[in-house]
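Take a look at the structure set out below.
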Amino acid sequence: MPTPDGISLSGVYKTFEGRGKTVEALRDVALKCPSASFTAVIGPSGCGKSTALRIALGLETADAGEVLINGEAPIVAAKSGKTGVAFQDSALLPWRSVRRNVEVPLEVIGLSRKSHAAQVQAMIELVGLKGFENSLPGELSGGMRQRVAIARALVTEPTVLFMDEPFGALDQILRRQMNVELQRVWQKTGSTALLVTHGIDEAIFLADRVAVMHANPGRIVEIIDVPFARPRHPDLFSDPAFHALTDRVASVLHG
Amino acid sequence: MARVPTGLRNFAILLLIWEIAGRMDLVASGALPGFSEILIRLWEDRADYPRHIWATLYASGVGFLIGNAIALIAGVAFAMSPTLLRIFRGVNIAVFALPPIAIAPILVLTLSDMAPRIVLAALAVYFVTMTATVIGISQSDNRASDLVKAYGGSRWRILWLVQLRSALPTITTGFQIAAPNAVLGAILAEFGGGGRWGLGTYLLGSLGRGEPDRLWGIGLIATAIAGLGYLFFALISRRLLGATRAVTLNTATPLGDAVSASPFKRVLMLMGIVSLPFLLWWAFIVLTGVPAMIAKTPFGVIDYLLFAKTAPVAQEKLLQALSETLPITFAGMAAGIGFAFLLAISTRLFPNAIRAFMPVALVTQTMPLVALTPLLVLIFGRGTSLTLWVTISVTFFPAFVTLAQGIALVPRSAQDLPRAYGASAWQEMRIVTIPASLPYLFAATRLTVPRALLGVMIAEWLATGRGLGNLLNQSRGYLDFGMIWTVAFVSVLLSVVLYQLVVAIERKVLRRLGMQTAE
C-alpha cells in the first residue's frame, strides 16, 4: 500500500449564482487531514460543509484554492480508486443486490469483479452483512443499508474515505451503534477519513479533530482537538469529559 | 434568468425556418406552406370558420362537462369504495384503451345529431378526471381525516372537508389534460361520420382538394383551441392554488388491484370485472332502442363472427386486416418509444439540448396530434410510411415526457456516486440512468399502447386503405353493420389486451428487480 498523505484543502472559495442573488458557500477554507487521521466537519445546514466535501471529491470545482488527495488532484485520486465515498441516505441502487452495489466502484474504476470477489465478500463481512449478499436494498433495514454504503466505500481499499452525513437518516440509538462500528472498520483500514455531519456527539466520538463551520459565508471558525484514546468505547458517550467537549463544540458552533 | 427570451428566440427561429422552408417548397414539394401563406389563407377563409369552430367547440364543451361530471361522481364513489373500483376495473381500462375512431361509427349509427361527438368527447375526458379524482382523494392526508373523525365527523363530512379539498389540485390537473382530449374526441367523431360542420369535417373535406395552406390553417386552429382549453384550466389552477402543477399526470396507472381474498371471491370478482363492460354495451343498445339489424349486442357480434352464413368471409376479412394493422402498430410504437428512450437517457450527455427540447415536447402534449393526420398525409403520402410516422408522432412525445420526467427523479446521490469515482458519462448512464429509467419505460409503454393503435387506425381510415381502420371505413359504406360492431369490439379488445400484457410484464420484471411501479 502506498503511503497515504491525507487530504489537503487550502484557500478554497466557492460562490453559487442563484436567482438574482449570490451565495458565498465557501470563503478561504483551509483544512489539512494528516494521513490515517479522522477529521469531522460540523456546522449548521447551509454552511457549505457538503460543498467542501463535493469539491474534495471532484464533483464540484472550486472558484479558487487547491485541493490535494494524497498529493494528487481529486479526480486523479478518484479514478485510481484511492478515494472511497459514502453519501447521506446510502445512495444504493435499488435494483442491485448488496454484492452488486458494493461492486459499483470496482466497475467504475475498471477493476475486474471476478478477481476482487474475495475483497467484496470481505467488506460485506466486515460490516456484518454476511448472508445478505443477494438481498435487494428494499429488503434491508435503514441501518443495514448504511452498512452496505460503508462496505461499498471501502471496497477499493481507499487510502482516503469521505462520508457525507452517512447516518443522518438513522435514529439516535442506531446511529450510536453505527458510530462504534464505523470506528472499528476505519481502524482496520487505516485510511484518512473526512466526515461531514451535523451531530456533535457523533463528530466527537469518531474524530481526532473537529472543524467547526459557520454559514454566510461558509467558513471554518475553529478546529478543536479530541484527546480521547482509541478504541473508544460507547461508555464514552456518558463520560463527563465527553460532555465538556460537547459543550465546548456547541458553544463554538452557536457562538 | 434569461429563460423567457431564450424561449421566444427559439420560437422565432423556428417560425423563420418554417417560413423559409415553406416559401421555398422544401418539404415534400410544397406540402408545408410558409407560415405567412397559412395566415393569409386563414384570412381568406374567414367566412367558413365560425360555424366549423362553433360545432367543434359545442361538441367538445358539452362532452367535457358531461364526461367530467360523470368522472367526478365515479371518482368519488371509487375512492370511497375499493370494491366498486375493482368491479369497474374492466370498464375503466376499456374506456382508457378504446381507440375513439373505432367506436365513432357505432355512435353515429345509434345516436343522432351532435350526440356521437359529445359522447366521444365525454369518453375522452372521463378516464383522466376519474383517475385524478381517485388519486387525489386517496392521497389526502390521513391525519386530517382522523382529526375530523375524532370530532365525530361523518364519512361525507370527511370527504367534503378534507379529501375533496386536498384532491382539488390533482383534479384541476386532470381538467387541464382533459380539455385538449375533449377537442380531440370531438374531431375524431367528426372524422368518423356525418355532419356538415366541425373542424374535423372541414379537414376531411379539404384533404382531397390538395390545398396545403387551408389544411394547415385548420390544423392550427384546432391546435389553438385545444391549447387554449389547456391554458384556461392551467390559469385557473394557478390562481386557485398559487402554484404550477405538473403538466403530465400519468393516467395509465393500473388502479384497484385485487387484494387477497378467497379464491372463490376472486373468481367471482374477475367475472364481474370482465362482464360489466359487456353488460353496459348491452344496456346501451336497449336504452337507445335502435333496431337489432343495426345495433349488435355482444351476442350479435359473436353470431356474426362465428355462426352466421357470412362468418367465414367476415373472419377472413378481419384476419387480413389484423395482419396488416398489428405489425405496423408494434413497429411504430417501438420506434416512437425507442427514440424517446434514447433522447431521454442522453439528458445527462446533452443537458442543454434536452432542456431546450422539453418545452416543445410539453406543448405537443396539449395538441390533438392524431387529428392532424391529414397534414401528415400531405407530407408522407398515403403509403406505409404515413402510418409509421403518425404512430411515431403520437407515441414519441408522451413517452419522452414520461421518461425525461422520470429520469429527473433519480436521486442526486445515486448519480453522484459513480461520478465520485471518476465515471465517464457512458459509465454513469449504464450503471445508473438506464436501469433507473426502466420503470418509466414501462409507464411510457402503458400510456402509449392505445395511442399507437389509434394512430395506425386513423392513418388507415383516412389515407392508406389498409388494415382495421380501412375495414371499418369500408364497412360503413357497405352498411355491413355486423362488421362495424365487430371491428369496434376487436379494436377495443386488442387495445385492452395489449395494455394488460404490458402491465403483466411490467409487474414481473420490476418485482424481480426490486423496483416500484412508476406513477
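When A:VAL196 is tested against (1) touching a strand residue (DSSP E or B) at 6+ places or on another chain (Cβ under 8 Å); (2) in a helix (DSSP H, G or I); (3) under 21 Å from A:MET144 (Cα atoms), just one condition goes unmet, and that condition is (2). Note on the stretch B:175-219: residues that are over 20 Å from the mean Cα position of the chain (by Cα) and either more than 15 Å from B:ALA115 (Cα to Cα) or surrounded by fewer than 22 Cβ atoms within 10 Å (Cβ to Cβ) (or both) total 23. Can you name the residue in the stretch A:61-95 that is over 30 Å from A:GLY138 (Cα atoms) and part of a loop (DSSP other than H, G, I, E, B) and, of all such residues, is farthest from the other protein chains (Cβ to nearest Cβ)? Result: A:ASP63. Scanning the stretch A:96-105 for residues that are hydrophobic (A, V, I, L, M, F, W, C), within 19 Å of the chain's Cα centre (by Cα) and more than 8 Å from chain B (Cβ to nearest Cβ) gives a single hit, A:VAL102. Against the test of being touching a residue at least 40 places away in the same chain (Cβ under 8 Å) and either out of contact with any Leu (no Cβ under 9 Å at 6 or more places or on another chain) or closer than 30 Å to B:TRP281 by Cβ (or both), the options B:ARG507, B:ARG512, B:ARG476 yield a single qualifying residue, B:ARG476. Restricting to the stretch B:500-519, name every residue that is surrounded by 15 or more Cβ atoms within 10 Å (Cβ to Cβ), within 17 Å of B:TYR440 (Cβ to Cβ) and modelled with pLDDT of 85 or more. Result: B:VAL502, B:VAL503, B:GLU506, B:LEU510.
Within the stretch B:63-86, the residues that satisfy the criterion of being under 14 Å from B:ILE118 (Cβ atoms) and surrounded by fewer than 19 Cβ atoms within 10 Å (Cβ to Cβ) are B:LEU65, B:ILE66, B:ALA69, B:ILE70. Residues of the stretch B:127-148 that are farther than 16 Å from B:ALA71 by Cβ, touching a helix residue (DSSP H, G or I) at 6+ places or on another chain (Cβ under 6 Å) and assigned to a helix (DSSP H, G or I): B:ALA144, B:SER145, B:VAL148. Within the stretch A:214-228, identify whether any single residue is of a type in the set (S, T, N, Q), surrounded by 19 or more Cβ atoms within 10 Å (Cβ to Cβ) and touching a strand residue (DSSP E or B) at 6+ places or on another chain (Cβ under 9 Å), and answer yes or no. There is no residue in the stretch A:214-228 that is of a type in the set (S, T, N, Q), surrounded by 19 or more Cβ atoms within 10 Å (Cβ to Cβ) and touching a strand residue (DSSP E or B) at 6+ places or on another chain (Cβ under 9 Å).
Taken across the stretch B:377-387, residues that are touching a helix residue (DSSP H, G or I) at 6+ places or on another chain (Cβ under 6 Å) and more than 24 Å from B:ASP25 (Cβ to Cβ) do occur, with at least one present.
The values are calculated or read from the model by the stated rules, or taken from the named source; none is laboratory data. It should be emphasised that the depicted structure is a prediction, and the values quoted were computed from it without experimental measurement. A quick note on method: Cβ atoms are made from the backbone with ideal geometry, for glycine too, and the neighbour counts reach across all protein chains shown.
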